[in-house]
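Read-outs: derived from the displayed coordinates by stated rules, not from any lab. The shown structure was predicted, so the numbers you read here are calculated from the model rather than taken from an experiment. We place every Cβ from the backbone using ideal geometry, glycine too, and count neighbours over all the protein chains shown.
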Amino acid sequence: MEFTFFFIAGVLVAMVAVFIVLALRYRGKRIVTCPETHAPVSAEINAALAAGTWIAAQPRFVITACSRWPERAGCDQACAPQIEASPDETLVRNIVAKWYGERTCVYCAMPIHDVGFAAVAPALLGPDGTLREWKDIAIENLPQVLDKAVAVCARCELAEDFRRRFPDRAIERPVTPLREHSAIAGPRRFAVEGPSEAVY
């Protein structure tokens, strides 16, 4: 009797652990192609339902949010099979991580490992010179922006943003033969002037 109790308890604990792992895996914004417009849209699924049905039998993917809602709310959710076929590849966090992982920063030429799901995120430099953090771009527009932009690490994004907003406080340092072979090589360096001694 005691063995049966601990066995059942162990199975329940294992199932709860699996449920939590799957729920965390399935949650998050996704990019799928709308079958009606053939354009990218942002979508989310019921992660708890997908995790629970995975444990029971076959995971069931139900769309709970879409960038085309509420105008097209109540659609037949024909995009759900895309998520079922590629549950990891459709997640925005994985798409962004893969994109940055295949590139280096256009300013410092360093690889970008942290895509910044916390407070600070790397940025995208568009063909027109626009500099934006990737998190500031509408999810449904992200594929088009990624296709034309270059990568900027979070540190260089902060420096470049400061330089653009306060051009009188930033100094462009030319590359010298000695600094050209430094550990952090790149086309541009920034130095910020010391604090003002003015009395306000």
In nm, give the distance between the simple-model label positions of ARG93 and PHE166, each being 7 Å from the Cα along the Cα-to-Cβ direction. 3.3
Return the distance in nm (one decimal) between the two label points of a simple spin-label model at ALA85 and ALA17, each offset 7 Å from Cα along Cα→Cβ. 3.5
Can you give the extra length, in nm with one decimal, that the chain gains between ALA78 and THR130 once fully stretched, where that is 0.36 nm per residue apart less the Cα-Cα distance? 15.2 nm
Using label points projected 7 Å from each Cα along Cα→Cβ, tell me how many nm separate ALA48 and ASP114, to one decimal. 3.2
If the cut-off is 18 Å between C-alpha atoms, which lysines fall inside it for LYS148, apart from same-chain ones fewer than 8 positions away? LYS98, LYS135
Over the Cα atoms of the range 1-122, what is the Rg over Rh ratio if Rh follows Kirkwood? 1.12
Within 10 Å, count the other beta carbons around each residue, average over each peptide in 150-163, 87-100, and list them highest first. 150-163, 87-100
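For the ranges 124-132, 24-32, 47-55, what's the packing order if you count other beta-carbon atoms within 10 Å of each residue, average per peptide, and put the highest first?
Result, highest mean Cβ count within 10 Å first: 24-32, 47-55, 124-132.
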